[in-house]
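The values are calculated or read from the model by the stated rules, or taken from the named source; none is laboratory data. The model shown is predicted, which means the values in this text are computed figures rather than measured ones. Glycine gets a Cβ as well: all are built from the backbone with ideal geometry, and neighbour counts include every protein chain shown.
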Amino acid sequence: METTRKKFNWRRFLIAALVLYIVLLIGPIVGLDIPVIYAAVKANPLQLVQFLIIGISNGAIIAIIALGYTMVYGIIELINFAHGDVYMIGVFTSLTVLSVTGTLESKDPVRIVFGLILALIVAVVFCAILNATIERLAYRRLRNAPRLAPLISAIGMSFIIENIGLMWAAQAWLVPSFGTTGGASQKVFPDMLGILFTSMGWNVNLLASSGIALRLTIKDVLVIVLAVILMTALYLFVQRTRLGKAMRATAQNRDAAKMLGIDIDWVITATFLIGGGLAGAAGLMAGLYNNTAWWFMGFRAGLQSFTAAVLGGIGNIAGGMLGGFLIGLLASFSDGYLNARWTNALVFATLVLILLFRPTGLLGEQTGQKA
Amino acid sequence: MKNIRSGITFGIVGGLLTFLFGGWSVVIIGCLMGVGLGMGLGAKLERKDPVQIAISVLPTALVSGAILVLLSIYQNSFVQEAIGKHPVESTIVLYGSLLGFLGAVLFTTLLAALHGLPEKREQQWKMALLALLIVAFPFVDKLTSLRWTAQIIFALIFVILGLGLNIVVGYAGLLDLGYAAFFAIGAYTTGILSSPQHGIYMNFWLVIWIAAGMAAIWGFMLGAPTLPLRGDYLAIVTLGFGEIVPVLFKNLIDVTIKEPFTCWILPGIINLFGAKTTMACITLLEHEDLTAGEKGISPIGRPYLPFIGEFKSSDPIPWYFLIICIIILSVFIIRRLRDSRLGRSWMAIREDELAAAQMGIDPVKTKLAAFAMGATFSGFAGAFYAAYIAGIFPSVFDFSASIIILCVVILGGIGNINGVIVGGLVIMTADRLFLPALKDFLASLLTHTVLPSISNPVVQLAVKDNANPILYRFLLFGLTLVIMMAVRPEGLIPNEQVRAELHSAEEETKE
């Protein structure tokens, strides 16, 4: 009898070897120069850990934004292009609240804490309403149209929101720290957490006294803890509450859910509200962590978090979190060892590879090939 | 009565446009207004005797022309003062107004009257009239020294781009958000092959074909792995490609390529065993500046023709006719393609991929052909653009360019060649002519009339900072996409099939 032993597939092996060779050959153009990276890691191994910390913290923010993509995609199968820009509006909203309440100039810890909490609430509420408004204006009436129609509408919305950010960044009378450089330049988001902790007499770097040449700041810990709390809350909400159950039902089969008496419009609005609120929270966190506000920052964040959502398996909340952390790490290592200008390209390349080889993502049970 | 009302609307819109441009612009605006009004009126009327139609629309034509002229005279005598310019010479006002009035009345009645002819004759006459307008435009523009031709050429470049994207989005139904990448590839091919950057000076008439071929090859190479993806994923992947290509062109300024085996893999392994090696490292490129980065490639070779000589940047007329020729050629090719077997299979794929595959159409091959064909036309546009601007910069080709091209297709009408041409002209004239003029008008109006009357300095600053429409041009593009999708997804001049498809869902839900 013939054995069923699989023959070694030479053709596939050769293609893989060729691709690898080409990557090694032209990789150095985009900074993927293995001897150089090896030398850099060898010279300073602690730097690797440092990039890991930065990657996880940024990954936490990306994960929160990715949840907005993945929830919306799970429920109406639409890539909400404007989502990254809602996050950008979150940054500007919180910065404006901090400025208007006078928190930016204050050195009083109590006042800073109250200012930050107020900024969080306003940013969350504002972005939630903004996201739901976008759905109402641009997507709802296209729900039964061919797939491309809502997608084009979403791109248009993204452009509109970006330009609202551009206008916002030019309003120096509202936020004096924007300065007179116009809306297109990057603005500084003051390091309120650093000011807060120093004013309370703490050292921002938790490892300062240990003698290790690393920075693990309170900010890192705070961002990661807050992200984990938000994600757990969302997970519990979707799994345990009545509305969460309605969302899952709508995601599975909209018509059947409607027949069972679920108010589809309200469920979808609620999804957008939650996604927008998360983006608003992520906006404040990113502003405090990275200390910049820029009208175009939503594009990169949107790209990274969409890739994260796809990597984890779009429509899958736990997958979105996992993907967020992985993409954060990838971006951080790329920023550190290759060059920041290639990071977007690398993230896109990752996205293409996932889509080609595993379109369901790492944890995706809901296939991306539905319909 | 309804006719008179539309005449009044056209007259007011045209008159307000003369506010922005002033001077001789009333002549061209009058003629264009007449064409628009005449076509609009004609389409509503029944086919009867041309003379009768002409008489029935004459009052409307007179009203619109009169309003236009009154507003333009008002502009020249009062508005000029408010924006701090000297009043225009009275001869210009007189002759300009007269010609504008005549143009408006003549074209309105003529085009409306043409509707009285049998359909075939009407089409022929309209084509002849259109050809006349196209040929006459740059010369009228030169005579009246408005300098619009240079801007119209940009609009025509985007018309070609729109026609190419229309193959991908309109015929094959694939959303390509990175179309500007192919434009960039066409432009950079031209730049690299006919500039001092690498010391290669090829003839433009050859380079334009190489650029188109290069864009097609890249369309093929990008499409091959990604086209099996479903619609919205494809959109994101093409967006990524569109984002990466300008970044590459921006950063390929110091390229070193070393063969990895001889340079570090084998020496590394040998080093592991403690031996010292001095192996020859094969270096393919070392510190090569391929694209000149942010500086951009400049100057770029220009086309040359006998009798006309080398095309100059100071004289846009030869460029204008060159691009008109490219557009006519493109429209001819695209129409033939659309009606060919390939074109029909594109539409079959767009309507229902599964059914088309069952009928024996290979979806991936067909889509790939659409991608490559679409890319070819942007290669033409890129080559023309590079030669016309004589300098290319990576920032021109970013995501926003892709969105502008998408806007052209969506506004004009997905899948309709005439629609895309109209869309390209509307969007780019708005962007290149209307907005800058509006900006200048607002700025001078503010400094001379509005700002002195505001006493509060904070309000003054806020008004001054925000009254710049150019800053927010992309807001208009975004609004175009959203509003078109919500109100009229089939575009201004729809393709019947697409329209039926887009509205089928609505009708189903109504029933």
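The figures follow:
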| quantity | calculated |
| --- | --- |
| Verdict on A:W342 being within 12 Å of chain B (Cβ to nearest Cβ), touching a residue at least 40 places away in the same chain (Cβ under 8 Å) and not in a helix (DSSP H, G or I) | no |
| Tally of residues being touching a strand residue (DSSP E or B) at 6+ places or on another chain (Cβ under 9 Å) and aromatic (F, W, Y) across the stretch A:258-288 | 0 |
| Filter result (more than 9 Å from chain B (Cβ to nearest Cβ) and in a loop (DSSP other than H, G, I, E, B)) within the stretch A:144-186 | A:A169, A:V175, A:G179, A:T181, A:S185, A:Q186 |
| Residue under evaluation B:L322, criteria (1) modelled with pLDDT of 90 or more; (2) in contact with a strand residue (DSSP E or B) (Cβ under 6 Å, 6 or more places away or on another chain), criterion not met | (2) |
| Whichever residue in the stretch A:362-371 is farther than 19 Å from B:T238 by Cα and within 12 Å of another protein chain (Cβ to nearest Cβ) and, among such residues, is modelled with the lowest pLDDT | A:A371 |
| Positions within the stretch B:245-269 being facing chain A (nearest Cβ under 8 Å) and either over 28 Å from B:I282 (Cα atoms) or hydroxyl-bearing (S, T, Y) (or both), in sequence order | B:T256 |
| Count - residues of the stretch B:286-310 that are in a strand (DSSP E or B) and surrounded by 12 or more Cβ atoms within 10 Å (Cβ to Cβ) | 4 |
| Long-range neighbours under 9 Å by Cβ, at least six apart or interchain, first residue surrounded by fewer than 10 Cβ atoms within 10 Å (Cβ to Cβ) and at pLDDT below 80 within the stretch A:1-28, second in a helix (DSSP H, G or I) and of a type outside the set (D, E, K, R) | none |
| Residue in the stretch B:445-454 that is of a type outside the set (F, W, Y) and buried (at least 17 other Cβ atoms within 10 Å of the Cβ) present | yes |
| Top-ranked residue of the stretch B:464-479 - restricted to ones that are surrounded by 15 or more Cβ atoms within 10 Å (Cβ to Cβ) and aliphatic (A, V, I, L, M), ranked as modelled with the highest pLDDT | B:L479 |
| Positions within the stretch B:91-150 being out of contact with any Phe, Trp or Tyr (no Cβ under 9 Å at 6 or more places or on another chain), assigned to a loop (DSSP other than H, G, I, E, B) and within 15 Å of B:S25 (Cα to Cα), in sequence order | B:R147 |
| Unique residue being assigned to a loop (DSSP other than H, G, I, E, B), more than 10 Å from chain B (Cβ to nearest Cβ) and of a type outside the set (D, E, K, R) when the list is A:S99, A:S106 | A:S106 |
| A:K219 vs. criteria of a type outside the set (V, I, T) and under 30 Å from A:R111 (Cα atoms) | yes |
| Residue in the stretch B:466-474 that is within 19 Å of the chain's Cα centre (by Cα), in contact (Cβ under 8 Å) with a residue 12 or more places away in the chain, in a helix (DSSP H, G or I) and at the interface with another protein chain (Cβ under 10 Å from one of its Cβ atoms) present | yes |
| Subset of the stretch B:383-401 [assigned to a helix (DSSP H, G or I) and closer than 14 Å to B:T291 by Cβ] | B:A386, B:P394, B:S395, B:V396, B:F397 |
| Filter pass, A:L326 being crowded, with 19+ Cβ neighbours inside 10 Å and under 13 Å from the mean Cα position of the chain (by Cα) | yes |
| Any chance A:P45 is touching a helix residue (DSSP H, G or I) at 6+ places or on another chain (Cβ under 7 Å) and without any contact (Cβ under 8 Å) to a residue 40 or more places away in the chain | no |
| Residue identified as of a type outside the set (D, E) and either crowded, with 17+ Cβ neighbours inside 10 Å or away from chain B (no Cβ under 14 Å) (or both) among A:A60, A:A39 | A:A60 |
| Single residue of B:G103, B:G164, B:G173 found to be in contact with an Asp or Glu (Cβ under 9 Å, 6 or more places away or on another chain) and either buried (at least 16 other Cβ atoms within 10 Å of the Cβ) or in contact (Cβ under 8 Å) with a residue 40 or more places away in the chain (or both) | B:G173 |
| Conditions (1) in the same structural domain as B:L425 (by TED's automatic domain parsing); (2) exposed (fewer than 12 other Cβ atoms within 10 Å of the Cβ); number of the one not met by B:I317 | (2) |
| Residues (over 25 Å from B:A401 (Cβ atoms) and either among the acidic types (D, E) or surrounded by fewer than 22 Cβ atoms within 10 Å (Cβ to Cβ) (or both)) located in the stretch A:155-180 | A:Q171, A:A172, A:W173, A:L174, A:V175, A:P176, A:S177, A:G179, A:T180 |
| Qualifying residue in the stretch B:491-505 (condition: facing chain A (nearest Cβ under 7 Å) and either among the charged types (D, E, K, R) or surrounded by 17 or more Cβ atoms within 10 Å (Cβ to Cβ) (or both)) | yes |
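Quick grid of which residues meet (1) within 14 Å of chain A (Cβ to nearest Cβ); (2) part of a helix (DSSP H, G or I); (3) among the acidic types (D, E); (4) more than 30 Å from B:L248 (Cα to Cα):
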| position | (1), (2), (3), (4) |
| --- | --- |
| B:W319 | no, yes, no, no |
| B:L322 | no, yes, no, yes |
| B:L329 | no, yes, no, yes |
| B:L342 | no, yes, no, yes |
| B:A357 | no, yes, no, yes |
| B:A370 | no, yes, no, no |
| B:F377 | no, yes, no, no |
| B:F380 | no, yes, no, no |
| B:I403 | yes, yes, no, no |
